[in-house]
Amino acid sequence: MHLVECSNITKIYQSGEVSVKAIQDVSFTVDESSFVAFVGPSGSGKSTLLNMIGCLDPPTSGTLKVAGQNISDMGRSRAAAFRGENIGFVFQDFNLIPVLSVFENIEYPLIMVQNWPKARREKQVNELLEAVGVADQANKFPRQISGGQKQRVAIARALVTNAPLVLADEPTANLDRKSAERIIDLMKKMRDEFGTTFIFSTHDPRVVKNAEIIFTLEDGCLISQEDSKRGNHV
Ligand code: ADP
Ligand code: ADP
């Protein structure tokens with residue numbers, strides 16, 4: 001089944017007299033359990049597209065479905081609820097809450113979004129601490145761990161609600177080369193283990209080569225799609 005179905009999506013940012021066509025008539029699908037990269041130069045529309053898939057900003061026209069739901073014309077509050085159930089985010093600057101421990105950062109969505117009981121939360125958080133390899137950092141605060149460790153915590157937090165889709169906007173931008181490669185390996189491992197679909201944006205060629213499906217954007221247009229399992233299409 002297609003987890004994401006994007007049909008003829010256009011996004012125009014309008015501010016006063018000026019309008020910017022950030023995405024132009026883009027169509028594609030992403031299957032469940034995929035490992036997908038969007039690449040392209042700065043300003044090509046990667047963040048805009050991820051924001052739309054993540055129900056943070058609706059398209060100007062076109063139809064966007066996630067997990068069978070049409071999200072293109074959802075109202076704000078329904079979009080927020082849908083996002084909480086279905087989508088995890090990993091941000092390039094990690095976005096951890098400085099006053100919460102590593103454990104509490106990962107636990108946060110289970111309290112705020114899903115209201116799980118305490119024992120179930122603890123079990124889930126402990127499993128993810130192990131899975132991403134930061135169990136020994138559980139009681140530390142974000143300022144006490146490295147960039148690579150912070151990104152591991154951010155990935156665990158994105159996965160904690162069992163969302164089928166995780167979106168990551170430049171997840172390795174603030175990491176050195178080794179940490180960047182480890183983070184991509186970790187995301188792939190999590191995909192294998194949990195069946196989560198990962199869609200990330202990057203302009204780092206070392207990161208791109210690890211994706212199974214690579215979509216290239218240029219000036220808001222989708223100019224190529226490479227599928228390492230099925231050959232190339234345009
Ligand atoms: P990328 O993530 O590939 O760097 P973006 O999606 O951030 O690309 O930007 C695509 C285009 O849309 C750029 O021309 C950018 O300047 C413009 N843009 C992005 N966000 C906004 C916004 N909130 N208002 C107006 N223009 C925007
Ligand atoms: P650009 O690609 O133009 O540099 P950014 O990647 O900085 O733009 O994106 C702008 C901001 O949008 C990011 O700092 C991030 O916090 C936020 N953001 C919004 N939606 C998402 C998303 N789906 N995934 C990751 N970051 C997001």
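If you go through region 167-192, how many residues are away from ligand 1 (no atom under 16 Å from the Cβ) and surrounded by fewer than 24 Cβ atoms within 10 Å (Cβ to Cβ)? Even if it seems obvious, please write down each step before you answer.
Our first condition is that a residue be away from ligand 1 (no atom under 16 Å from the Cβ); within region 167-192, this holds for 175-192.
Pick out the ones that are also surrounded by fewer than 24 Cβ atoms within 10 Å (Cβ to Cβ) and you get 175-182, 185-186, 188-192.
Of the residues in that region, 15 qualify.
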(request) From (1) of a type in the set (A, V, I, L, M); (2) farther than 30 Å from Asp176 by Cβ; (3) part of a loop (DSSP other than H, G, I, E, B), pick out the condition that doesn't hold for Ile97. (result) (2)
(request) Taking Leu3 as meeting all but one of (1) in a loop (DSSP other than H, G, I, E, B); (2) more than 9 Å from ligand 1 (Cβ to nearest atom), write down the number of the exception. (result) (1)
(request) For region 116-130, indicate whether the set of residues that are closer than 25 Å to Asp169 by Cα and outside any helix (DSSP H, G or I) is non-empty. (result) no
(request) Enumerate the pairs (first residue in region 74-103 and free of Cβ contacts under 8 Å to residues at least 24 places away in the same chain; second residue anywhere and part of a loop (DSSP other than H, G, I, E, B)) with beta-carbon separation below 7 Å, excluding pairs fewer than 6 apart on the same chain, so at least 6 apart or on different chains. (result) Met74/Cys55
(request) Being exposed (fewer than 14 other Cβ atoms within 10 Å of the Cβ) and over 23 Å from the mean Cα position of the chain (by Cα) is the filter here, so list the residues in region 118-142 that pass it. (result) Lys118, Ala119, Arg120, Lys123, Asp136, Asn139
(message) Restricting to region 39-67, name every residue that is at pLDDT 95 or above, of a type in the set (S, T, N, Q) and near ligand 1 (Cβ under 7 Å from one of its atoms).
(response) Ser44, Ser47, Thr48
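Among the residues of region 210-234, count how many are among the charged types (D, E, K, R), in a strand (DSSP E or B) and at pLDDT 95 or above. So that I can check it myself, show each step before the final result.
Our first condition is that a residue be among the charged types (D, E, K, R); within region 210-234, this holds for 212, 218-219, 226-227, 229-230.
Next cut, in a strand (DSSP E or B) only: 218, 226-227.
If we keep only those that are at pLDDT 95 or above too, we end up with 218.
Final tally of qualifying residues: 1.
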(message) Looking at Val26 and the list (1) buried (at least 21 other Cβ atoms within 10 Å of the Cβ); (2) over 26 Å from Glu85 (Cβ atoms); (3) not polar (S, T, N, Q), which single condition is not satisfied?
(response) (2)
(message) For region 174-209: of the residues being within 20 Å of Val4 (Cβ to Cβ) and assigned to a loop (DSSP other than H, G, I, E, B), which is nearest to the chain's Cα centre (by Cα)?
(response) Thr196
(message) Among the residues that make up region 56-70, is at least one of them closer than 21 Å to Ala81 by Cα, hydroxyl-bearing (Ser, Thr, Tyr) and within 13 Å of ligand 2 (Cβ to nearest atom)?
(response) no
(request) Scan region 90-108 residue by residue and report those that are surrounded by fewer than 19 Cβ atoms within 10 Å (Cβ to Cβ), within 15 Å of ligand 2 (Cβ to nearest atom) and at pLDDT 95 or above. (result) Ile97
(message) Please pick out the residue among Val36, Val30 that is among the β-branched types (Val, Ile, Thr), away from ligand 1 (no atom under 16 Å from the Cβ) and outside any loop (DSSP other than H, G, I, E, B).
(response) Val30
(request) Would you check if Lys140 is farther than 26 Å from Thr202 by Cβ, modelled with pLDDT of 95 or more and in a loop (DSSP other than H, G, I, E, B)? (result) yes
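Does Asp25 satisfy the condition of being within 16 Å of ligand 1 (Cβ to nearest atom) and either part of a strand (DSSP E or B) or touching an Asp or Glu at 6+ places or on another chain (Cβ under 8 Å) (or both)? Before you say what the answer is, go through the steps one by one.
On the way: within 16 Å of ligand 1 (Cβ to nearest atom): yes; either part of a strand (DSSP E or B) or touching an Asp or Glu at 6+ places or on another chain (Cβ under 8 Å) (or both): yes.
Considered against the rule, which asks whether it is within 16 Å of ligand 1 (Cβ to nearest atom) and either part of a strand (DSSP E or B) or touching an Asp or Glu at 6+ places or on another chain (Cβ under 8 Å) (or both), Asp25 comes out as yes.
The values are calculated or read from the model by the stated rules, or taken from the named source; none is laboratory data. Because the structure is predicted, anything quoted here is derived from the model rather than measured. Virtual Cβ from ideal backbone geometry, glycine too; neighbours counted across all protein chains shown.
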